[in-house]
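**Q** Below: one structure in structure tokens.
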Amino acid sequence: MGGLNDSVVTEIVLLALSCSWEKKLFLILICSLLYLAVILGNLFILFLVIFDSHLHSPMYFLLANLSLIDVCLSSTTVPKIIKDLLNEYKIISFQGCMAQICFIHIIGGVEMVLLIAMAFDRCTAICKPLHYLKIMNSKICISFVITGWVTGVIHAMSQFLFVINLPFCGPNKVDSFYCDFPKIIKLACTDAVNFEFIVTANSGFMSMGTFFLLILSYSFILITVWKRSSGELSKAFVTLSAHITVVFLFFTPCMFLYVWPSPPPSIDKNLFIVEFAIIPVLNPTIYTLRNKDIKVTIKRLSKKISYSTFF
């Protein structure tokens with residue numbers, strides 16, 4: 001059993017989707033509404049950034065990429081869950097399970113790099129405003145995005161190459177809504193302690209390391225502003241509060257899921273909803289409500305629509 005094709009297990013049963021009709025209807029309604037909000041909210045930000053020339057800047061280029069990634073992250077799991085809740089059999093093929101895991105970790109790696117890039121962008125804008133456009137040029141922005149995708153692929157494949165060679169010859173039930181490395185490793189017909197450590201070391205340490213790096217970056221920005229002028233500290237904090245909020249929202253579930261690879265099923269299911277449905281909805285909301293440029297752009301767009309409709 002040296003590879004994926006040699007595995008006896010051909011499908012995975014997702015036990016978390018087997019519940020009463022009342023709970024199924026509730027989950028279908030919640031997942032459908034949240035997914036619709038994810039698509040509409042993030043595509044709206046993409047639309048604004050692409051079609052409004054006032055938002056053609058490094059910060060909004062990165063924000064548009066973050067919105068695209070949020071749509072992709074939610075799409076890896078939520079549509080499949082809605083489909084399975086409507087069907088009698090709650091299963092996913094073994095190949096489909098592996099593909100879902102890879103997409104989740106690739107996209108997660110991209111998002112981490114984008115959050116680092118956005119922190120670097122704000123650090124440059126606040127600490128070196130005169131050199132901002134020279135430092136954050138288009139090449140640097142595109143390099144951040146490419147680095148994100150390369151990092152995501154390496155991050156996912158480095159774990160996948162270990163898991164693909166494990167023997168899966170018996171158990172095929174997972175008490176979860178979706179597939180992920182810590183859950184699938186437990187199904188292997190071998191002592192998987194070392195492999196669980198590899199996953200924790202990879203995903204867990206990557207999440208914690210990136211989180212603390214971002215917190216230190218934003219702390220450095222605030223300390224720098226405070227040393228220059230204490231009066232500007234509150235203004236800088238308001239500017240950075242959206243970024244800091246997104247960082248906490250994104251990394252808190254990640255650290256629970258991967259630093260603590262065997263959380264109780266109830267916590268795991270709640271963290272799933274937060275990670276794949278609620279956070280992708282909150283990101284565009286937070287950036288829209290906390291960002292003056294976005295508000296001005298929305299007002300400008302509304303006036304254009306009203307004017308064209310009237311005439």
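The values are calculated or read from the model by the stated rules, or taken from the named source; none is laboratory data. For clarity, every value in this text was computed on a predicted model and none was experimentally measured. Neighbour counts are summed over all protein chains in view; Cβ atoms, including those assigned to glycine, are modelled from backbone coordinates with ideal geometry. What goes into the accessible areas is simple: the full protein's heavy atoms, side chains included, and nothing from ligands, DNA or RNA. Shrake-Rupley method; radii C 1.70, N 1.55, O 1.52, S 1.80 Å.
**Q** When Leu34 is evaluated against the numbered criteria (1) in contact with a helix residue (DSSP H, G or I) (Cβ under 6 Å, 6 or more places away or on another chain); (2) in a loop (DSSP other than H, G, I, E, B), which criterion, by number, is the only one it fails?
**A** Going through the list (1) in contact with a helix residue (DSSP H, G or I) (Cβ under 6 Å, 6 or more places away or on another chain); (2) in a loop (DSSP other than H, G, I, E, B), Leu34 breaks only (2).
**Q** Quick one: Ile101 ticks every box in (1) among the β-branched types (Val, Ile, Thr); (2) under 18 Å from the mean Cα position of the chain (by Cα); (3) crowded, with 18+ Cβ neighbours inside 10 Å; (4) within 30 Å of Lys304 (Cβ to Cβ) bar one, so which box is it?
**A** Every condition holds for Ile101 apart from (4).
**Q** Look at segment 114-144 and say how many of its residues are part of a helix (DSSP H, G or I) and either polar (S, T, N, Q) or open to solvent by 20 Å² or more (accessible area, probe 1.4 Å) (or both).
**A** 21
**Q** Of all residues in segment 98-114, which are of a type outside the set (Val, Ile, Thr) and over 13 Å from Met59 (Cβ atoms)? Please lay out each step first, then the result.
**A** As a first pass, look at segment 98-114 and keep what is of a type outside the set (Val, Ile, Thr): 98-100, 102-103, 105, 108-109, 111-112, 114.
Result: Met98, Ala99, Gln100, Cys102, Phe103, His105, Gly108, Gly109, Glu111, Met112.
Yes/no per residue for (1) among the aliphatic types (A, V, I, L, M); (2) surrounded by 15 or more Cβ atoms within 10 Å (Cβ to Cβ); (3) over 18 Å from the mean Cα position of the chain (by Cα); (4) at negative phi:
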| position | (1), (2), (3), (4) |
| --- | --- |
| Leu29 | yes, no, yes, yes |
| Ile50 | yes, no, yes, yes |
| His54 | no, no, yes, yes |
| Ser57 | no, yes, yes, yes |
| Tyr60 | no, yes, no, yes |
| Leu63 | yes, yes, no, yes |
| Ile69 | yes, yes, no, yes |
| Leu85 | yes, yes, yes, yes |
| Lys90 | no, yes, yes, yes |
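**Q** Would you check if Val238 is modelled with pLDDT of 75 or more and aliphatic (A, V, I, L, M)?
**A** Answer is no for this residue.
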